[in-house]
Amino acid sequence: MKALILSGGSGTRLRPLTYSQQKQLIPVANKPVLFYAIEDVIEAGAQDIGIILGPNKDQVIDTVKSRDWDARIEFIYQGVPKGLAHTILVAEKFLDDDFVMYLGDNILRDGIVRHEERFRSLGSDASVLLTEVEDPQRFGVADLNQDGSIRRLVEKPKAPPSNYALVGVYFFKPVIIDACKAIKPSWRDELEITDAIQWLIEHGYKVDASFVEGWWKDTGKPEDIFEANRLILDDITTRNDGLLENSRVMGRVIIEKDAKIERSVIKGPCIIGNRSVISDSYIGPYTSVGDGCRICGTEIEDSIIMDESRIINTGKIVESLIGRNVRIQECVALPKGNRLIVGDNSDISL
């Protein structure tokens, strides 16, 4: 089996962070979201992985190549995003075998091995992962037959036929390429994967549903990233490869190599990245501190701090998503007051 992982798109719901970095590279528990998808498809047996690229393509390539993977990885540039079905056409030469298509901003707690095995055993032409949600109007939704097969797929319906939403992971035989070539662009001027799957159904191909039992998060919005960070940190095992000096650690905490904790309290679940220095501070539950950060005289809870950021004497920070190389510090110069340089689409509470 091959894998096609989508790492394009503009990530408009995550601006201003996504002005400077690809949304699938935003870290959750100090790991790019994209890496969770790569790990899942490798665990499910994919030895050849195609990664669809869009904006910031060089950034994605460099990040993926920074790690050795137990698979061959090919990068495929989509150009202008024209829908999920369009990515399959862009990757047509690569997709000469059964494959899993995995949206790279998704995280599934239990991976996809069980779903891959089911796809194989049933001999289906396509298998769609579904999960039950409370607000199906926000998602693509499946209308199911009594035997669990899919009757039709509906995109963001006003009157949902079920509570089962598309997760963003699909298994296909190569016939899906014919379906993608046969459909026409939607009102959004995109080739929709739901239309391609519907074409399979209408032409007699076997399309089934596989149901996700553990949690699933689409990390398209800040609140979803926070929730994914909490869920993953809930599963960590304590490990300390750093240095503690006059500090107290409580709960499940990971302290990476060359990190230094001085006169501070660390309360898990949380993770402190390589080479980070925490001094005279409190790092509370559900916080991920990236590599090379410096935090002094500050309290932080339920937040994600990305690599190489500096936070000095800033009081208490909660529920915050702070990018790379950010500087936040107490204002000591006169006149006193909050001094801000803020990009488009930022969100600040003072």
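Going by the structure shown, is Gly315 at pLDDT below 95, outside any loop (DSSP other than H, G, I, E, B) and surrounded by fewer than 17 Cβ atoms within 10 Å (Cβ to Cβ)? Yes; evaluated as a whole, the condition is true for this residue. In region 149-187, the qualifying residues are those that are in contact (Cβ under 8 Å) with a residue 60 or more places away in the chain and touching a strand residue (DSSP E or B) at 6+ places or on another chain (Cβ under 6 Å), and the one that is surrounded by the fewest Cβ atoms within 10 Å (Cβ to Cβ) is Ser149.
Quick grid of which residues meet (1) among the aromatic types (Phe, Trp, Tyr); (2) buried (at least 18 other Cβ atoms within 10 Å of the Cβ); (3) at pLDDT below 95:
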position	(1), (2), (3)
Asp195	no, yes, yes
Tyr205	yes, no, yes
Ser210	no, yes, yes
Glu223	no, no, yes
Ala228	no, yes, yes
Val265	no, no, no
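Among the residues making up region 285-328, those that are farther than 17 Å from Phe226 by Cα and of a type in the set (A, V, I, L, M) are Ile295, Ile311, Ile312, Val326, Ile328. How many of the residues in region 291-322 are under 15 Å from Pro32 (Cα atoms), in contact (Cβ under 8 Å) with a residue 24 or more places away in the chain and touching a strand residue (DSSP E or B) at 6+ places or on another chain (Cβ under 9 Å)? Final tally of qualifying residues: 4. Taking the condition out of contact with any His (no Cβ under 7 Å at 6 or more places or on another chain), crowded, with 19+ Cβ neighbours inside 10 Å and touching a residue at least 40 places away in the same chain (Cβ under 8 Å), does Asp40 pass? It is true that Asp40 is out of contact with any His (no Cβ under 7 Å at 6 or more places or on another chain), crowded, with 19+ Cβ neighbours inside 10 Å and touching a residue at least 40 places away in the same chain (Cβ under 8 Å). Annotation note: Cβ proximity below 7 Å between a residue of region 259-270 that is in contact (Cβ under 8 Å) with a residue 24 or more places away in the chain and a residue that is in a loop (DSSP other than H, G, I, E, B) and aromatic (Phe, Trp, Tyr) (sequence gap 6+ or interchain) occurs for Pro269/Tyr286; Cys270/Tyr286. Regarding region 124-138, can at least one residue be identified that is closer than 27 Å to Gly54 by Cβ and small (Gly, Ala, Ser)? Yes; the residues of region 124-138 include at least one that is closer than 27 Å to Gly54 by Cβ and small (Gly, Ala, Ser). Of all residues in region 60-81, those that are more than 21 Å from Lys221 (Cα to Cα), at pLDDT below 90 and surrounded by 13 or more Cβ atoms within 10 Å (Cβ to Cβ) total 1.
The residues on offer are Ile112, Ile51, and the sole one that is β-branched (Val, Ile, Thr) and in contact (Cβ under 8 Å) with a residue 60 or more places away in the chain is Ile112.
In region 154-166, the count of residues that are in the same structural domain as Ile52 (by TED's automatic domain parsing), of a type in the set (Ser, Thr, Tyr), part of a loop (DSSP other than H, G, I, E, B) and at pLDDT 90 or above is zero.
Tally the residues that are assigned to a loop (DSSP other than H, G, I, E, B) and either touching a Leu at 6+ places or on another chain (Cβ under 7 Å) or more than 17 Å from His203 (Cα to Cα) (or both), restricting the search to region 134-152.
Qualifying residue count for the region: 6.
Of the residues examined, Lys23 is not one that is over 30 Å from Pro285 (Cβ atoms), buried (at least 18 other Cβ atoms within 10 Å of the Cβ) and charged (D, E, K, R).
Candidates are the residues of region 123-133 that are within 21 Å of Trp215 (Cβ to Cβ) and in a strand (DSSP E or B); the one that is modelled with the lowest pLDDT is Glu132.
Among the residues of region 206-252, the ones that are at negative phi and in a loop (DSSP other than H, G, I, E, B) come to 17 in all. Counting residues in region 85-100 that are in contact with a strand residue (DSSP E or B) (Cβ under 6 Å, 6 or more places away or on another chain), assigned to a strand (DSSP E or B) and crowded, with 22+ Cβ neighbours inside 10 Å gives one or more.
The values are calculated or read from the model by the stated rules, or taken from the named source; none is laboratory data. As the structure is a computational prediction, the values presented were derived from the model and not from experiment. Neighbour counts are summed over all protein chains in view; Cβ atoms, including those assigned to glycine, are modelled from backbone coordinates with ideal geometry.
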